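Remarks on the structure that follows.
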Amino acid sequence: MDRAVGSRAPQRAGAGRRAARRVVTGAATLTLAGATLLGGAGAASAATTVGSYTVTASAPAVEVGDTVSVTVAATGVSDLFAYELTVGFDPEVLEYVDGSGTTDIPGFHEATLGPDGSSVVLTQTRLGTSPAAEGDLTLATLDFVAVGAGDGGVTAERATLVDAATQATEVTDLGTAPITVTAVAVEPTDPPTDDPGTGGPGTDEPGAGEPTDDATLVDSDGGSDPWSTGGTGSLASTGATVGLAAGAAFLALLVGVGLVLAARRHRARRSEGGAA
C-alpha cells in the first residue's frame, strides 16, 4: 500500500515500523543512485519513455490564505520503476503544505522540502518484484498555501526516471502552472459625517431627552406645569408674577384698612356733634 512519509504516524507505531521505513527509503535512494551510476550499462533494455507532461493548478487565481493544489502528470508512460521529481515555487508567494505530497503510483514515496525552501523533491519507487508503472500517471500532487501577493507559478523543474533495469533518464522543464495570488480585499468603512444623528455631536439642535431653556413640564392630564425648568423660561416668569400679585394684594389690604378706620372716625365725630 502506498504511504506518504509526510503523514504523521500513529503514536503506537513501534521502532520496527520506523526501521522498516528507513530501509524502504534507503532502497529507493539506492535505486536512484544505482541508476545514475549505471546509466549507460543497461543499453540492452528500453529506457523509460513518456509521451507528454502537464503541470496544472486547481485554481489559476487565488487570494492570500487560500490553498491551491498542483498536479504533475505524465501520459504514455512505459517502464517507470522509480523517479525523483523536483518542483520549484516562490516561497514569498506560496508555502508548501508539509505532508501533502502524494502520487497515484503504488509503492513508496516521500516528499520533502528542499534546503533552500523554494522546491519540493518527491521520490517514488515500486517495491520488490512489482512491475514497472505504465500508462497515464500522476507523478505528484502538492498543496500550497498562498502567503503573499504576486506571481506564484509552480514549475516541474526536473526529473530522474528509472526503468526496471535501473537505467536512468534525465528530464528538465516539464512544465509550469501559473498561479496569481492577490491580497484579500478589505471592505471600506463609511467616513464620519457632520450629522451623526438627532442630538448627536456636530449638531446645533439638542437631542431627544435633553432639557431646553424653554422646556415646559407636562402634567399627566396633558396640561402644562407652571413650575417648568429653565433660568429664563416659564418658571422664572411665574415666580415674578406671583411676587407682584402678592405685593398688590398687600397694598390693597392696607388701603382697605385705612378706609375702614377713616369711616369709623367720621361716624364718631358725627355722633359727638349730635349729642352736643
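The values are calculated or read from the model by the stated rules, or taken from the named source; none is laboratory data. Since the model is a prediction, treat every value here as computed from it, not as a measurement. Backbone-built Cβ (ideal geometry, glycine too); neighbour counts: all protein chains shown. Protein only, heavy atoms only, side chains kept; ligands, DNA and RNA dropped before computing areas. Shrake-Rupley method; radii C 1.70, N 1.55, O 1.52, S 1.80 Å.
Taken over region 110-125, the residue count meeting the criterion of being open to solvent by 50 Å² or more (accessible area, probe 1.4 Å) and not acidic (D, E) is 3. Scanning region 77-109 for residues that are part of a strand (DSSP E or B), farther than 30 Å from V184 by Cα and open to solvent by 50 Å² or more (accessible area, probe 1.4 Å) yields a count of 1.
Within region 129-136, the presence of a residue that is open to solvent by less than 40 Å² (accessible area, probe 1.4 Å) and either within 39 Å of the chain's Cα centre (by Cα) or among the β-branched types (V, I, T) (or both) is excluded.
Residue count for region 153-164 under the criterion of being open to solvent by less than 10 Å² (accessible area, probe 1.4 Å) and over 17 Å from G114 (Cα atoms): the result is 3.
Does A165 count as in a strand (DSSP E or B), touching a residue at least 24 places away in the same chain (Cβ under 8 Å) and in contact with a Gly (Cβ under 9 Å, 6 or more places away or on another chain)?
Details: in a strand (DSSP E or B): no; touching a residue at least 24 places away in the same chain (Cβ under 8 Å): yes; in contact with a Gly (Cβ under 9 Å, 6 or more places away or on another chain): yes.
So A165 fails the test.
Only residues that are within 17 Å of T103 (Cα to Cα) and in a strand (DSSP E or B) were counted in region 57-76, giving 10.
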